[in-house]
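I have placed the structure first, in the form of structure tokens, so that the comments after it can refer back to it.
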Amino acid sequence: MRQTSDRVTLSTRGQGLYEITKSVVGFVEAAGIEEGLLTVFCRHTSCSLLVQENADPDVRTDLDGFFARLVPEGMGWLSHTIEGPDDMPAHIRAALTQTSLSIPILDGRAVLGTWQGIYVFEHRRIAHRRTIALHAIGED
């Protein structure tokens, strides 16, 4: 059994989905693991991870719009407001999505569907520097 780890760091420009598929796939290919499991972990509480369609950009637009309507800013009943009006809604959006992904590795490749991409889903309005931890474990 072998394992390896690394990080992907990206700078976001505000709310939206940022694709990291190429970086993650490159990590898996360089790892030399033929069969195993990849863990992708988000080290933040106001952004999250998604596996989502990467063919039509309208999917990202619609997801942004859906979450803006589902968890809008300006909910007067929120207590955690010291970091700005977008902070607590960002925490709620992150709680409704995922902070880690498990993706099988077969034949030395991450097993993603034809139209699947891996995204960091930034929930804050301002730019942030985000770090995503990668870990692969398996057999050569």
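Here, each number is a calculation from the coordinates, and none is a lab measurement. Not measured: the values here are computed from a predicted model. Don't worry about glycine lacking a Cβ; one is built from the backbone with ideal geometry, like all the others, and counts go over all protein chains shown.
Just to be sure I understand: with springs between alpha-carbon atoms less than 10 Å apart, which residue in PRO89, PRO57, PRO72 has the highest mean-square fluctuation in the Gaussian network model of the chain?
Of PRO89, PRO57, PRO72, the most mobile in the Gaussian network model is PRO57.
Would you calculate a helix-derived [θ] at 222 nm for the chain, using -39,500 (n - 2.57) for each DSSP H run of n ≥ 4 and dividing by the full residue count, to the nearest 500?
Details: 3 runs with 35 residues, N = 140.
Calculated mean residue ellipticity at 222 nm is -7500 deg cm²/dmol.
Could you list CYS47, CYS42 so that the one with the fewest beta carbons within 10 Å of its beta carbon is first and the one with the most is last?
Working: CYS47 24, CYS42 21.
Ordered by Cβ neighbours within 10 Å, fewest first: CYS42, CYS47.
Hey, what angle do you get for helix 21-31 against the long axis of the chain, alpha-carbon based, 0 to 90 degrees rounded to 10?
30 degrees
Among the DSSP beta bridges whose two residues both lie in segment 2-139, what percent are antiparallel, rounded to the nearest 5?
Details: 39 of 39 bridges.
Taking every DSSP beta bridge within segment 2-139, about 100 percent pair in antiparallel fashion.
DSSP loop GluC sites (Glu not before Pro) in segment 72-140 with at most 15 other Cβ atoms within 10 Å of their Cβ, which ones? Walk me through the intermediate numbers first.
Details: sites: GLU73, GLU83, GLU122, GLU139; in loops: GLU73, GLU83.
Qualifying residues, ordered by number: GLU73, GLU83.
Taking neighbour Cβ counts within 10 Å as the exposure measure, how do THR99, THR61 sort from fewest upward?
With the sparsest Cβ surroundings first, the list reads THR61, THR99.
How high is the relative contact order of segment 77-140, in percent, with contacts defined as C-alpha pairs under 8 Å that are six or more residues apart?
32 percent
Return the equivalent ellipsoid semi-axes of the chain as a descending list in whole Å, where each equals the square root of 5 times an eigenvalue of the C-alpha gyration tensor.
Working: eigenvalues 188, 49, 26 Å².
They are 31, 16, 11 Å, listed from largest to smallest.
Based on Cβ point charges of +1 for Lys and Arg and -1 for Asp and Glu, what charge dipole magnitude is obtained for the chain about its Cα centre, in debye rounded to the nearest 20? If you can, show how the numbers build up before the last one.
Details: 13 positive and 18 negative charges, 104 e Å.
For the chain, the charge dipole is close to 500 debye.
Out of every Cα-Cα pair in segment 85-140, what percent are more than 17 Å apart?
In whole percent, the long-distance tail amounts to 54.
Which FRET efficiency value, to the nearest 0.05, is calculated for ILE126 and LEU37 with the Förster distance at 41 angstrom and r the Cβ-Cβ distance?
Values: r = 34 Å, r/R0 = 0.84.
Efficiency for this residue pair is about 0.75.
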